[in-house]
Structure formats: structure tokens, C-alpha cells
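This report concerns only the one structure given below.
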Amino acid sequence: QLQASGGGLVLSGGSLRLSCTASRNIFSINVMGWYRQAPGKQREQVAIIISSGSASYADSVKGRFTISRDNAKNTVWLQMNSLKPEDTAVYYCNIVDYGARTYWGQGTQVTVSS
């Protein structure tokens, strides 16, 4: 249902852009977002964006990450700049529709090497 891509290995200070596209059978998308889970830690919210374009970020990524979406393409992006080793995690895209149904992507690995 959700296809995520864009993860990889990058040096500290580098950039990556994650992309996630929802299949067309998911209608009325309300919230789109990115979460991450590092080894031994709980999954945490990184950034979310609602249909109007208003976004919110975890304190740890403010000023470095930017979330954006294209409603016509059912796609959400996460531009990650100034990456740090502590950003290393599996990143998951998430969608919540207006019926409160939740969908998760398969996860994409981001590894930041120092």
C-alpha cells in the first residue's frame, strides 16, 4: 500500500531524501508522516504534515529535516540535511486517512557514519 525509498548510507553532515507513495486505493489522506526506530529503542515520530500543508517536527530534527507532500500524487517526502549518527534508524512512512485508518510503509534504513 505504501512504497518507501531513499534510504542509504551517508557520512555525518550529509543529506538524504526519503520518498513514500501511497497506492491509489487509499483515499482521503489526512495526515502523512515519518517515524523512525533505532536499534533497542521505541519507534518515534519524526515529522508529520496534514492535508493543509501544516507540519510539525520532533525537536531533535527541527531545522534539519523538512517534510513535504503532493496530495495529487499521494506522495510524502522527507528531506534530511546535516545528518548525524544519532539519526541512524529504520524510517517508516505513515498515513492516516479521514476514516482514521492507519497505513505503514515497509521501512527504509538510514545509516549515518561518523
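The values are calculated or read from the model by the stated rules, or taken from the named source; none is laboratory data. This structure is a prediction, so every number in the text was calculated from the model and none was measured. Every residue, glycine as well, gets a Cβ built from its backbone with ideal geometry; the counts of neighbours run over all protein chains shown. Quick note on the areas: whole protein, heavy atoms, side chains included, nothing else; ligands and nucleic acids left out. Shrake-Rupley method; radii C 1.70, N 1.55, O 1.52, S 1.80 Å.
Below, the figures for the structure above:
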read-out	value
Criterion (polar (S, T, N, Q) and open to solvent by 60 Å² or more (accessible area, probe 1.4 Å)) met by exactly one of 12, 19, 23	12
Filtered residues of region 78-107 (kept if part of a strand (DSSP E or B) and under 18 Å from residue 39 (Cα atoms))	89, 90, 91, 92, 93
Hits in region 14-45 - residues which are of a type outside the set (S, T, N, Q) and closer than 13 Å to residue 110 by Cα	14, 16, 17, 18, 34, 35, 36, 38, 39
Region 74-102, residues that are at pLDDT 95 or above, open to solvent by 20 Å² or more (accessible area, probe 1.4 Å) and among the aromatic types (Phe, Trp, Tyr)	77, 92
Residue among 113, 56 that alone is surrounded by 11 or more Cβ atoms within 10 Å (Cβ to Cβ), without any contact (Cβ under 8 Å) to a residue 24 or more places away in the chain and either of a type in the set (Ser, Thr, Tyr) or in contact with a Gly (Cβ under 9 Å, 6 or more places away or on another chain) (or both)	56
